[in-house]
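Engineer: Before I ask anything, let me first share the structure, which is written out below as structure tokens.
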Amino acid sequence: MSNREQIISQIVDAGIVAIVRVPRNEWALPLARALVAGGIRAVELTMSIPNALDAIRQIDEELGGEILLGVGTVIDDDICCAAIDAGAKYIISPITKPSIVEAAHAMDRPTMLGAYTPTEAQTAHEAGSDFIKIFPADTLGPGYIKSLLAPLPHLKIIPTGGVNLETMEAFLSAGSAALGVGSALLKKEVVAAENWGELKLLACQYCDKLAEVKTRLRL
């Protein structure tokens, strides 16, 4: 099994990808520590964070194999390659850009291209994207995921936006491969207060809920 295949399997096993989009670079490492301590292993660090590549290197060096570190908001091939060189294990984009897949696969890393419509989702799949990021999913809901997968069951969908403790089960029941969780987990007031202990507790809540739902759905 290639590194890329192993990472794909690890993302599905993790079930939750925590999306870290913060205005201060120095928050990235303690955020990642708190999430990992709370049981969330898959963490997406967005390129919108100031000096994001430095944060990626620091997290990769400190947490190493404890974290499944991905990089999001990747919109061109150069950023893709730079992020992987800095330590990214997978690449996430909010757009459907096939060349990002080629760049990441050449470096043995999986990708998650963004899509909104059935045509975009299938185009991303045909380009080789390992997962399809349905974004923003909050305006579409679990019913859209279920409807999309009816004619396109081969898609490995990870919805982002609108995923929280109350909607997790519906999104997984609809057929999602995993879930992208952002502000519902990384609460603005918790992060702004640098309350990493509270963030760890929130991460624990999400992990406990995920385990409960997977058991109930027999996933």
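Please treat every number below as a calculation from the coordinates, not as lab data. All figures in this text were calculated on a predicted structure; none of them were measured in a lab. Reconstructed Cβ throughout: ideal geometry from the backbone, glycine too, with neighbour counts over all protein chains shown.
Engineer: Looking at the square roots a ≥ b ≥ c of the eigenvalues of the Cα gyration tensor of the chain, which shape do they give, rounded for a/c under 1.5, prolate if a/b is larger than b/c, or oblate?
Structural biologist: Judged from the Cα gyration tensor, the chain comes out oblate (a/c at least 1.5, b/c at or above a/b).
Engineer: In angstroms, what radius of gyration and Dmax does region 53-156 have, counting Cα atoms only?
Structural biologist: Final numbers for Rg and Dmax: 14.4, 43 Å.
Engineer: Counting only pairs 8 or more residues apart or on different chains, how many lysine pairs in region 106-219 have their Cα atoms under 22 Å apart?
Structural biologist: 16
Engineer: Taking region 1-86, how much of its Cα-Cα pair set, in percent, is spaced more than 18 angstrom apart?
Structural biologist: 40
Engineer: Can you sort THR160, THR119 so the residue with the fewest Cβ neighbours within 10 Å comes first? Walk me through the numbers before you get to the answer.
Structural biologist: Numbers: THR160 23, THR119 10.
Placing the least packed residue first, the sequence is THR119, THR160.
Engineer: Counting Lys and Arg as +1 and Asp and Glu as -1, each charge on the Cβ, what is the dipole of the chain about the Cα centre in debye, to the nearest 20?
Structural biologist: So the dipole magnitude of the chain works out to roughly 620 debye.
Engineer: Continuing with this model, one more query. GluC sites (Glu not before Pro), restricted to region 79-182: which are DSSP loop and have at most 12 other Cβ atoms within 10 Å?
Structural biologist: Of the GluC sites (Glu not before Pro), the ones in loops of region 79-182 whose Cβ has at most 12 other Cβ atoms within 10 Å are GLU166.
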